[in-house]
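**Student:** One structure is given below, represented as structure tokens, and several questions about it will come after.
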Amino acid sequence: MRQRQTTGVERRQLDALAITPEGFRYPERFQQALAQQPLPEITPFMWLSEYEDQATNWAEIVATQFPARTLVPFAKHEDTDDVFCFEATDHSGNPPVHIIHTFTTPGWEYRGTWSTFDVWWEEMEEQHAAWLAEQEAEED
């Protein structure tokens, strides 16, 4: 079985650029997170750039399944097929974040939107804290 290789900062940044459509700019806070070693902990979500080729693979999956959308995936829920994606048609450097349910029929994929990565980040931190509390309670 092939071992998954984790990525370093330089590889993550190169992979992010490789899946970026022309004119798209990542939010500053996302770029700061990508530059951390290790990546910030976001369980029950996972960064798609944590392992080699994962961001590229998910970008291909999303593009193939939903060709009418222009999305840049960056994270995934560990327990579902939900993928967090930037709206790639937004060139402001502060695009909205969509939650897209993969492996479904086009038209049924949309699960919600956060107005910016910062708003998504705040909610993710709350969900991460709740997940940690739940794990701790299960250990008691």
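The values are calculated or read from the model by the stated rules, or taken from the named source; none is laboratory data. The structure presented is a predicted model; accordingly, all values stated were derived computationally and were not measured. When we count neighbours, we look across all protein chains shown, and the Cβ atoms used for this are built from the backbone with ideal geometry, even at glycine. For the accessible areas, the whole protein counts, side chains as well, though only heavy atoms, and no ligand, DNA or RNA atoms are used. Shrake-Rupley method; radii C 1.70, N 1.55, O 1.52, S 1.80 Å.
**Student:** Within the range 118-140, count every residue that is open to solvent by 70 Å² or more (accessible area, probe 1.4 Å), over 30 Å from Gly93 (Cβ atoms) and part of a helix (DSSP H, G or I).
**Tutor:** 5
**Student:** Looking at (1) at pLDDT below 95; (2) over 13 Å from the mean Cα position of the chain (by Cα), can you tell me which one Phe103 breaks?
**Tutor:** Unmet for Phe103, out of (1) at pLDDT below 95; (2) over 13 Å from the mean Cα position of the chain (by Cα): (1).
**Student:** Out of the residues in the range 49-96 that are among the hydrophobic types (A, V, I, L, M, F, W, C) and part of a loop (DSSP other than H, G, I, E, B), state the one that is most open to solvent (accessible area, probe 1.4 Å).
**Tutor:** Once the filter is applied, the top-ranked residue is Ala68.
**Student:** In the range 17-41, what residues are among the small types (Gly, Ala, Ser) and modelled with pLDDT of 90 or more?
**Tutor:** Residues satisfying the conditions are Gly23, Ala33, Ala35.
**Student:** Would you confirm whether any residue within the range 101-115 is free of Cβ contacts under 8 Å to residues at least 60 places away in the same chain, within 22 Å of Glu28 (Cα to Cα) and either open to solvent by 60 Å² or more (accessible area, probe 1.4 Å) or among the polar types (S, T, N, Q) (or both)?
**Tutor:** yes
**Student:** Turning to a different aspect of this structure: Does Thr43 qualify as being under 28 Å from Gln5 (Cβ atoms), assigned to a loop (DSSP other than H, G, I, E, B) and open to solvent by 10 Å² or more (accessible area, probe 1.4 Å)?
**Tutor:** Here the answer is yes, as Thr43 does meet what is asked.
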